[in-house]
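*Asks:* Encoded as C-alpha cells, here's the structure I'll be asking about.
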Amino acid sequence: MQPHFTGTCLLSDDVPSLAAFYAAVLDAEVQGADPFATVSVPGAVLSFFSARAMESMVPGAMSTAASGNFTVEFEVTDVDERHEELRGRGVEILKPPTTQPWGRRSVWLRDPDGNIVNLYQKA
C-alpha cells in the first residue's frame with residue numbers, strides 16, 4: 001500500500017494553548033490534553049505533543065528542533081469572512097487577505113508557537 005498522508009504533529013511547550021488556538025481557528029474540538037491532543041478536520045488530523053515528553057521518550061530529539069520553520073495550510077470557503085472573524089477574536093494576522101499570482105486567495109496567521117498558518121480559498 002502506498003503511504004497515505006493523514007495529518008501532522010506539532011511539538012510544543014504548551015500543548016493546551018496550541019491545541020485551543022487551532023480548534024478556534026478551525027471551528028473544531030480538541031480531543032485529549034497535555035501531553036497529547038488532536039484537532040480533526042475533514043481529511044486530516046492535527047496532533048500536538050509535548051516537547052518535554054518527546055525529549056523524555058527520545059533523549060536528544062529536540063536538540064535541533066525550532067518553531068516557526070513551516071507553514072500549515074487549510075482550505076476554507078471564504079478567506080475574507082474568516083479573516084474578519086479571527087481579527088475580531090484578536091488572532092495575530094501576518095498578511096491580510098491577498099490574491100496570489102497563482103490564483104489562491106489567502107490570509108496568514110501566526111500560532112502561539114510562532115508557526116505560520118495559511119488559510120486559503122481556490123480562485
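So that you can scan it fast, the table gives a plain yes or no per residue for (1) surrounded by 14 or more Cβ atoms within 10 Å (Cβ to Cβ); (2) in a strand (DSSP E or B); (3) not assigned by TED's automatic domain parsing to the domain that holds Asp111:
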{"residue": "Phe5", "(1), (2), (3)": "no, no, yes"}
{"residue": "Ala24", "(1), (2), (3)": "yes, no, yes"}
{"residue": "Ala53", "(1), (2), (3)": "yes, no, yes"}
{"residue": "Thr77", "(1), (2), (3)": "no, no, no"}
{"residue": "Glu81", "(1), (2), (3)": "no, no, no"}
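*Asks:* Moving to a separate point now. Can you name the residue in the stretch 28-51 that is surrounded by fewer than 16 Cβ atoms within 10 Å (Cβ to Cβ) and hydrophobic (A, V, I, L, M, F, W, C) and, of all such residues, is modelled with the highest pLDDT?
*Replies:* Filtering first and then ranking leaves Phe36.
*Asks:* Just for the stretch 106-123: of the residues that are of a type in the set (D, E, K, R) and part of a loop (DSSP other than H, G, I, E, B), which one is farthest from the chain's Cα centre (by Cα)?
*Replies:* Lys122
*Asks:* Follow-up. For Asp14, work out the one condition from (1) under 16 Å from the mean Cα position of the chain (by Cα); (2) crowded, with 16+ Cβ neighbours inside 10 Å it doesn't fulfil.
*Replies:* (2)
*Asks:* Sticking with this one: Taking the stretch 55-75, which residues are among the aliphatic types (A, V, I, L, M) and in a loop (DSSP other than H, G, I, E, B)?
*Replies:* Of everything in the stretch 55-75, those that are among the aliphatic types (A, V, I, L, M) and in a loop (DSSP other than H, G, I, E, B) turn out to be Val58, Ala61, Met62, Ala65, Ala66.
The values are calculated or read from the model by the stated rules, or taken from the named source; none is laboratory data. What you are looking at is a predicted structure, and each value in this text was computed from that prediction instead of being measured. Please note: Cβ atoms are built from the backbone with ideal geometry, for glycine as well, and neighbour counts cover all protein chains shown.
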